[in-house]
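Engineer: One structure, pasted below without further comment.
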Amino acid sequence: MRHLDSLPAGGRVLDLACGGGRHARVLAAQGHPVLAVDRDAVALATLADCPGVRTLAADLEGGEWPLAGQLFAGVIVTNYLWRPRLPDVCALLACGGVLIYETFMVGNEAYGKPSNPDFLLRSQELRAVAAAAGLREIAFEEGYVARPKPALRQAICAVRE
């Protein structure tokens, strides 16, 4: 939430693996047209009455990449990791577009789920992904957080120049 002001004003934003759409709602209220994508059609249905939000039910982990060829002023991803798609996610950013990505990292297994290393970022991993995609880092954090529950997390805010 603290990096939403980094997004280009009024730019189209993707809320990827959005679940119930908490970020999509905030972004739409700020005047961003939002595409909310998740595989859970029931969760997406809760966004049906939200002005400025369009939804897409899609499996992000199998088959064709459902967002190929699209560009966004911002891409938001929280609590989701599928490494094979990280380059595809970064490629969705238009010039001046901002990536805001935050999820769990190795060590989180001490605090609960997720605990599978396939779904836990390695130290500095988002930083390396952003650099490989040619993004300029605005902010990076990793480590312990107490809220909303104790966890080990990693987050990056980066821009395509």
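Read-outs: derived from the displayed coordinates by stated rules, not from any lab. As the structure is a computational prediction, the values presented were derived from the model and not from experiment. Note that we place each Cβ from the backbone using ideal geometry, even for glycine, and neighbour counts take in every protein chain shown.
Engineer: Could you tell me how many of the residues in segment 68-88 are buried (at least 22 other Cβ atoms within 10 Å of the Cβ) and either in a helix (DSSP H, G or I) or of a type outside the set (Val, Ile, Thr) (or both)?
Structural biologist: Number satisfying all stated conditions: 2.
Engineer: What are the residues in segment 19-67 that are assigned to a loop (DSSP other than H, G, I, E, B), in contact (Cβ under 8 Å) with a residue 24 or more places away in the chain and among the hydrophobic types (A, V, I, L, M, F, W, C), if any?
Structural biologist: Residues of segment 19-67 assigned to a loop (DSSP other than H, G, I, E, B): 19-21, 30-33, 39-40, 46-52, 58-67.
From what's left, in contact (Cβ under 8 Å) with a residue 24 or more places away in the chain: 19-21, 30, 32, 46-47, 50, 52, 60-61, 66-67.
Residues satisfying the conditions are LEU47, CYS50, LEU60, LEU67.
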